Amino acid sequence: HKNNMAVKLVAIMMLLGCAMSERMRMKMDFGWLFHLGTEGLYPNCSNADFPMNMMGVQCQGLTQAPAANLSECMQACCGDINCGTYQWCPPSGPKGCTPPGSCWIGAVNECSNGTGWESMGRNTPAPPQGPIEPDYDDSSWAKKDVPHDFIVETGAFNPNNDRSHGYLPKNISWYRKHFTLDSSFKGMSMWIDFDGIYRNSDIWLNGEYLGNHQSGYTSFRWYIDQYTLNYGGGDNVLAIRVDPTHNEGWWYEGGGIYRHVWLTVANPVHIKPWGVYAGNNVTSVTNNRFGNAMLNVETNLTYNATSGSSQTVSLQTDVVSKSTGEKIATNTKTGISMVAGKEIMVTQNFPSLENVLLWSIANPELYYIYSTLIDSDGNIIDSVDTRFGFRKTY
């Protein structure tokens, strides 16, 4: 699957007979590589890598890691760039720590006296290494397509594990994805959408850190065009560390990239993702299904570039019924000046829309806002559609 995405995008461009100007959105669901757990992924550390003596100290907010002894506990923290301390509770020894024979790792945060804990720490995180690096050998990793839930996939039920999460173990694990970018994408705006990762995910692209997303229930995105990318068939590598060990609910939550992943390629001047808002007010109702309304459309435009000359664009907004296909209104805003690195909000008002179909549970009528961005030469450079409904509230 390594080259599928670029091939499909170029094929679509050829069918459309156009240059790469309007946005393209493609799934990145196929051909992921997966490693369950973290054992064997990082070089071993020594005591010198943890110079902070934290014996008899207990820190809050740590994550339990699989380890059979103090040395294994140190190695669990070793290559993790988020780990500042490891804490080992011996199976026998001074009383105070619990549970006996447990290892806990994480950031140094809210630490206090804690009898019995054997702990060491470091001020600087581990350097990028292991699966973060683009040339890391992942040839032995399992091939997976997403959506993927690695918690239920293990099937390693244990009555000592959390009942509300199906008695299944929860391991910090890794994903990697190799993909290519066509040379025509250079200079375009690109972002990757993750519809859902459970949870606490850290993401790297070609060895550069994109960032962290904590929640397992919200989607998120990263713009990637400002990072170092390889075009024209060169290999690009996403590396994702997933930590599902903390709960967000009492129910079974799973772990992994459990929703779709998307790559979008667009003109640097484009409508920002989720950038169209349709605020409306039904002013009168002629019967249960029709009414008159006012509509206020706000569209967030962005010029996603660090430099470049300003551009003048127009925004055409059409309102179309989903069920009938009828265009009930249109508005074009001209002379919009876009400056590199800046955003602008464009407001278009439709003060009087007559006999619109009203949304209700019995008749869930919907409309589309078709937003089209046009450059000074009359070329369409971006377009999106946004679904909404008119509803009378009392």
For this session: At 7 Å along the Cα-to-beta-carbon direction for both Ser309 and Met52, put a label point, then send me their distance in nm to one decimal.
Result: 5.3 nm
Seminar exercise, completed: A correct Karplus calculation of ³J(HN,Hα) over region 101-111, with 6.51 cos²θ - 1.76 cosθ + 1.60, θ = phi - 60°, whole Hz and x for Gly and Pro, returns x, 10, 10, 10, 9, x, 6, 6, 8, 6, 9
Exercise. From largest to smallest, what semi-axes in whole angstrom does region 213-359 give when each is the square root of 5 times an eigenvalue of its alpha carbon gyration tensor?
Worked result: 37, 27, 13
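In Å, the Kirkwood hydrodynamic radius of the chain over pairs of distinct alpha carbons?
Details: mean 1/r = 0.0408 Å⁻¹.
That comes to 24.5 Å for the chain.
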Seminar exercise, completed: Here FRET efficiency (C-beta to C-beta, Trp274 to Tyr394, R₀ 25 Å, nearest 0.05) is 0.30
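Charges at C-beta only: +1 for Lys and Arg, -1 for Asp and Glu. How large is the resulting dipole of the chain about its Cα centre, in Debye rounded to 20?
Values: 27 positive and 36 negative charges, 172 e Å.
Taking the Cα centre of the chain as origin, the dipole is about 820 debye.
Which value, in Å², gives the accessible area per residue of the chain when a 1.4 Å probe is used on the protein heavy atoms? Spell out each step's value before the answer.
Working: 19200 Å² over 394 residues.
I get 49 Å² per residue for the chain.
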Seminar exercise, completed: For region 315-394, using Cα atoms only, the Rg and Dmax in Å read 15.1, 47
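Taking 2.2 N^0.38 Å as the expected size of a compact globular protein, what ratio does the Cα radius of gyration of region 62-109 give against it, to two decimals? List each step's numbers first, then the result.
Values: Rg = 10.3 Å, N = 48, 2.2 N^0.38 = 9.6 Å.
Its radius of gyration relative to the 2.2 N^0.38 Å reference: 1.07.
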Seminar exercise, completed: When the charge dipole of region 37-161 is computed with +1 at the Cβ of Lys and Arg and -1 at the Cβ of Asp and Glu, the Cα pointing farthest to the positive end, of Ser46, Ile81, Ser92, is that of Ser92
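Stretch Asn363-Asn349 to full length: gain in nm at 0.36 nm per residue minus the Cα-Cα span?
On the way: separation 14, 0.36 × 14 = 5.04 nm, distance 2.60 nm.
Computed gain between Asn363 and Asn349 is 2.4 nm.
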Exercise. GNM on the chain, C-alpha springs below 10 Å: top fluctuator among Glu110, Glu208, Glu22?
Worked result: Glu110
Seminar exercise, completed: FRET efficiency for Arg289 and Arg387 from the Cβ-Cβ distance with R0 = 25 Å, rounded to 0.05, comes out at 0.85
For this session: Report the full-extension gain for the segment Gln129 to Asp235: residue separation times 0.36 nm, less the Cα-Cα distance, to one decimal in nm.
Result: 36.3 nm
Exercise. Comparing Gly275, Gly325, Gly121, which has the greatest mean-square fluctuation in the GNM of the chain with Cα pairs linked when under 10 Å apart?
Worked result: Gly325
Exercise. By how many nm would the segment from Thr228 to Asn109 grow when fully extended, if each residue of separation counts as 0.36 nm and the alpha-carbon distance is taken off?
Worked result: 39.5 nm
Exercise. Using alpha carbon centroids, what distance separates region 158-203 and region 241-279, in Å?
Worked result: 10 Å
Exercise. Remind me, relative contact order of region 86-189 in percent, using alpha carbon pairs under 8 angstrom and six or more residues apart?
Worked result: 17 percent
For this session: Using only the alpha carbons of region 181-227, determine the length spanned along each of the three principal axes and report them from longest to shortest in whole angstroms.
Result: 34, 20, 13
For this session: Give me the percent of the accessible area of region 244-305 that comes from carbon and sulfur atoms, probe 1.4 Å, all protein chains in place.
Result: 53 percent
For this session: Hey, can you grab everything whose amide H is under 5 Å from the amide H of Asn280? Only 5+ residues off in sequence or another chain; H modelled, so Pro and N-termini drop out.
Result: Asn296
Seminar exercise, completed: What the 5 Å binned alpha carbon P(r) of region 180-263 shows, as percent of pairs per bin from 0, is 3, 14, 24, 22, 15, 11, 6, 3, 2, 0
Exercise. Which parts of region 266-292 would a label at Ser376 reach, counting a residue when its backbone N lies under 18 Å from a point 7 Å out along Cα-to-Cβ?
Worked result: 268-270
Exercise. Per-residue HN-Hα couplings for region 264-280, Karplus 6.51 cos²θ - 1.76 cosθ + 1.60 at θ = phi - 60°, whole Hz, x for Gly and Pro?
Worked result: 10, 10, 9, 4, x, 8, 8, 7, 4, x, 6, x, 10, 10, 10, x, 9
For this session: Note down the relative contact order for the chain as a percent, whole number, built from C-alpha pairs under 8 angstrom at least six residues apart.
Result: 15 percent
Problem set entry | Helix-only [θ]222 nm of the chain, DSSP H runs n ≥ 4, -39500 (n - 2.57) each, per residue, nearest 500 | -2000 deg cm²/dmol
Problem set entry | Set of region 359-394 residues, backbone N closer than 18 Å to the point 7 Å along the Cα-Cβ line of Val320 | 365-374, 380-390
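The values are calculated or read from the model by the stated rules, or taken from the named source; none is laboratory data. For clarity, every value in this text was computed on a predicted model and none was experimentally measured. Heads up, the Cβs are rebuilt from the backbone with ideal geometry, glycines too, and the neighbour counts pull from every protein chain shown. These accessible areas exclude ligands, DNA and RNA; they are computed on the full protein's heavy atoms, side chains included. Shrake-Rupley method; radii C 1.70, N 1.55, O 1.52, S 1.80 Å.
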